[in-house]
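Okay, so here's the structure we're looking at.
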Amino acid sequence: MAKQKKRKPKGSDSERKLLEHAHRGLELLSEYQPKLMGKAQAFMAQAMKPRALDKRAKEMLALGMALVQQCPYCIGLHVRSCRTAGVTIEEIMDICAVAVMMGGGPAMTHVAEVERALNEFYLDENGNPIDD
């Protein structure tokens, strides 16, 4: 395991604000297409329920797919959910490596979005891991 160096969070845009922005877009669509969004949300909730894979494994998979799909909103959401599910920073870096293997250079550039989400959800203002 590589030694994790102490890092100070970088970036001016708050990951929480990015996720709030995505949420507002979903609210707008829900206002105009409530039946459609209700079905889409029910489908997503069902897909993430534990079955053969637990919630933790599904969040790890979703993060890797978000990287390959290059979706900054999904990356932030699933990094946050990975933290809740107990996924470590080291595991997230492994997920990033596999995503880059599958998604190439474009996925590699989106690891910057992972860093931004890690800074928001995993590290304090001094770059130290947040203890729960």
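Once amide H atoms are placed 1.01 Å from N in the peptide plane, what residues at a sequence separation of 5 or more from LEU123, or on another chain, have their amide H within under 5 Å of its amide H?
Distant-sequence amide H within range of LEU123: ILE130.
Once you sort the root eigenvalues of the Cα gyration tensor of segment 54-102 as a ≥ b ≥ c, which label holds: rounded (a/c under 1.5), prolate (a/b larger than b/c) or oblate (the other case)? Before the final figure, lay out each step's value.
Values: a/c = 1.72, a/b = 1.27, b/c = 1.36.
Oblate shape, in that a/c is at least 1.5 and b/c is the bigger or equal ratio.
Can you give me the angle between helix 34-48 and the longest principal axis of the chain, using Cα atoms only, in degrees from 0 to 90, rounded to the nearest 10?
Value to nearest ten degrees: 40.
Given the rule -39500 (n - 2.57) for each run of at least 4 DSSP H residues, summed and divided by the residues of the chain, what is its mean residue ellipticity at 222 nm, to the nearest 500 deg cm²/dmol? Let's see the in-between values first.
Working: 6 runs with 93 residues, N = 132.
Taken over the chain, the calculation gives -23000 deg cm²/dmol.
Considering the chain, which cysteines have no disulfide-compatible partner, defined as another cysteine with its Cβ under 4.7 Å away?
That list is CYS82, CYS96.
Compute the length gained on full extension between GLU91 and LYS35: take 0.36 nm times their separation in residues and subtract their Cα-Cα distance, giving the result in nm to one decimal.
Working: separation 56, 0.36 × 56 = 20.16 nm, distance 3.72 nm.
16.4 nm is the gain from fully extending GLU91 to LYS35.
Please state the relative contact order of the chain as a whole percent: Cα pairs under 8 Å, 6+ residues apart? Provide the component values of the computation, followed by the final result.
Details: 125 pairs, mean separation 45.5, N = 132.
Answer for the chain is 34 percent.
Report, in degrees rounded to the nearest 10, the 0 to 90 angle that the Cα long axis of helix 89-109 makes with the longest principal axis of the chain.
70
If the reach is capped at under 12 angstrom between alpha carbons, list the aspartates and glutamates near LYS49, excluding any in the same chain fewer than eight residues apart.
Leaving aside aspartates and glutamates fewer than 8 places away in the same chain, those within reach of LYS49 are GLU59.
Rounding to the nearest 10 and keeping the result within 0 to 90°, find how far the Cα-based axis of helix 55-69 lies from the longest principal axis of the chain.
Once rounded, one gets 90 degrees.
Roughly what would the spin-label model give for GLN69 and ALA52, points 7 Å off Cα along C-beta, in nm?
It works out to 2.0 nm between the two label points.
Which of GLY38, GLY104, GLY25 moves the most in a Gaussian network model of the chain with Cα springs under 10 Å?
Checking each option, the largest mean-square fluctuation is seen for GLY38.
Taking only Cα atoms and a 10 Å spring cutoff, compute GNM fluctuations for the chain and point out the largest among HIS21, HIS110, HIS78.
HIS21
Under a Cβ-only charge scheme (Lys and Arg +1, Asp and Glu -1), can you give me the dipole magnitude of segment 15-121 about the Cα centre, in debye to the nearest 20?
Numbers: 13 positive and 12 negative charges, 96 e Å.
Taking the Cα centre of segment 15-121 as origin, the dipole is about 460 debye.
Read-outs throughout are calculated quantities, based only on the coordinates presented, and are distinct from any laboratory measurement. Predicted model only: the values in this text are computed from it and were never measured. Don't worry about glycine lacking a Cβ; one is built from the backbone with ideal geometry, like all the others, and counts go over all protein chains shown.
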